[in-house]
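The values are calculated or read from the model by the stated rules, or taken from the named source; none is laboratory data. In this text, all values refer to a predicted model and were calculated from it rather than measured experimentally. Here Cβ is always computed from backbone atoms with ideal geometry, including for glycine, and neighbour counts include all displayed protein chains. We work out accessible area using only protein heavy atoms, side chains counted, and drop any ligands, DNA or RNA first. Shrake-Rupley method; radii C 1.70, N 1.55, O 1.52, S 1.80 Å.
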Amino acid sequence: MGMTMTQKILAAHAGLDRVEAGQLILVNLDMVLGNDITSPVAIREFNKLGATEVFDKDKVTMVMDHFAPNKDIKAAEQCKMCRTFCNEKEVTNFYDVGRMGIEHALLPEKGLVVSGDVVIGADSHTCTYGALGAFSTGVGSTDMACGMATGKAWFKVPSAIRFNLTGKLNPFVSGKDVILHIIGMIGVDGALYRSMEFTGAGVAALSIYDRLTISNMAIEAGAKNGIFPVDEQTLAYVAGHSTRKPVVYTADEDAEYEASYDIDLSTIKSTVAFPHLPENTRTIDEVGEVVIDQVVIGSCTNGQYKDIAEAAEILKGRKVARGVRAIIIPATQDIYLKAAENGLLKIFIEAGCVVSTPTCGPCLGGYMGILAAGERAVATTNRNFVGRMGHVTSEVYLASPAVAAASAVAGKIADPAALMK
């Protein structure tokens, strides 16, 4: 029996000819990632190990993005610990205020991850980099500490589920709608500790940014990772952002999959996940009347330039509904700058939005958009658990940037295609 794409990457990094699902292996790492919440725990564990240096100064990175710019004294102390550690260990890729972005948008943009890599990060959405044909997954802070010290991590090789994509998306439908559709179909545990492997002719119709969004939310179906094949789009993106040479792995024709799903992208509609799970999905024509108080467009899932440009297209010449707070968060400094240069910030401000520096902020109920009791938000973020963005009685509805922007104008969850007619 052949190997999946994920299994081939893991085998190569373990120095093995082949691996099988369920096998325990020790793998060499290409990148170890932490942020301002998870890194301090890892630093303390690193010190307990008695380690004095990181395994490779170029293969450890910390990004200050969750509560940065510092929202309070504790956040400032967390960032200070990371800053001090990275200065002492001479970590090359430390990203602080003014240089940072939301970590899972920043690493691909900076060329720190390329096809064929193995990446661990002390953040569950580290699975984002599967969009580039890398194996990437979230780990705990203790695993991050061991990874920083040794450059290695233990894995149980995951089995896989295949998603065969055909067709192409309709206007105002994006990768966010695809992954919400899939999670609604298989459930939040439908891919538990499995690799979600996307294949088929439809992959070519998805932009790299659609793929980043889909891979990012693989964890919301319980997956160990999500991964896309490497094609011309992937290689062009990597070449435009990194000086490192990608390594291309392809699944064997006789690779074993626990399940296989056929998905025609042309049949997918704008999709919204209702509280309080990403699997609680409804298509836009099933939503009904849901009046909202806030819209957040950004996050590691949907803060790319493509995302905010799509929102700007809908908001241009329109106004945010009275009583709705609309918050736009570009995912990186480069995206923020491009938005400014191309007039997007002007569109947002004239529409009645606020535009924030890059931060995870409201996604995890940190700051820059906390919800009060009973308030409802449409967000392009990735989780809508109870109390995720504020008060335990607040509600978060997950949607694409197009749906979020249309909803900001309508004051309720709205169909962007209908608004733009």
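Have a look at the DSSP beta bridges in the stretch 265-421 and tell me what percent are antiparallel, nearest 5. Numbers along the way, then the final one.
On the way: 5 of 19 bridges.
Antiparallel: roughly 25 percent of the beta bridges in the stretch 265-421.
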| query | Gaussian network model of the chain, Cα springs within a sub-10 Å range: biggest mean-square fluctuation belongs to which of 358, 171, 246? | reply | 171
| note | Spelling it out for residue 325: with amide H atoms placed in the peptide plane at 1.01 Å from N, the residues 5 or more places away or on another chain with amide H under 5 Å from its amide H are 294, 295
| task | Anything over 24 Å Cα to Cα? Flag those among 59/110; 168/245; 89/245; 57/152, in the order listed. | result | 168/245; 89/245
| Dimensions (Å) - the stretch 123-239, Cα atoms, principal axes, largest first | 46, 36, 23
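Where Rh is the Kirkwood radius over the Cα pairs of the stretch 148-195, the temperature 4 °C and the viscosity 1.567 mPa s, what D in µm²/s does Stokes-Einstein return?
Taking Rh from Cα pairs, D becomes 95 µm²/s.
Quick one: of the DSSP bridges fully inside the chain, what percent are antiparallel, nearest 5?
Counting DSSP beta bridges with both partners in the chain, the antiparallel share is about 20 percent.
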| task | At a 1.4 Å probe radius, which order do 125, 391 fall into by accessible area, largest first? | result | 391, 125
| query | Rg(Cα) of the chain divided by 2.2 N^0.38 Å? | reply | 0.94
| query | log₁₀ I(q)/I(0) of the stretch 27-151 at q = 0.15, 0.22 Å⁻¹, via Debye over equal Cα point scatterers, no solvent, to two decimals? | reply | -0.59, -1.32
| remark: Restricting to Cα pairs under 8 Å and 6 or more apart, the percent relative contact order of the chain works out to 17
| Dimensionless Rg ratio for the stretch 191-246, taking C-alpha atoms and the 2.2 N^0.38 Å reference | 1.20
| Selection of trypsin sites (Lys or Arg not before Pro), the stretch 294-323, meeting DSSP coil and at most 15 other Cβ within 10 Å | 316, 319, 322
| field | CD proxy at 222 nm, helix term only [per DSSP H run n ≥ 4: -39500 (n - 2.57); per residue of the chain; nearest 500] | value | -9000 deg cm²/dmol
| request: Determine the dipole magnitude for the chain: charges of +1 sit on the beta-carbon of Lys and Arg, -1 on that of Asp and Glu, nothing else is charged, the reference point is the Cα centre, and the result goes in debye to the nearest 20. | output: 980
| said: Let's see if you can work this out: charge +1 on each Lys and Arg Cβ, -1 on each Asp and Glu Cβ, no other charges. What is the dipole magnitude of the stretch 212-342 about its Cα centre, in debye to the nearest 20? | reply: 1040
| Heavy-atom accessible area order for 83, 18, largest first, 1.4 Å probe | 18, 83
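With the cut-off at 19 Å, report for the stretch 319-421 the share of all Cα pairs above it, as a whole percent.
44
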| the stretch 216-234 versus the stretch 97-129: alpha-carbon centroid distance in Å | 13
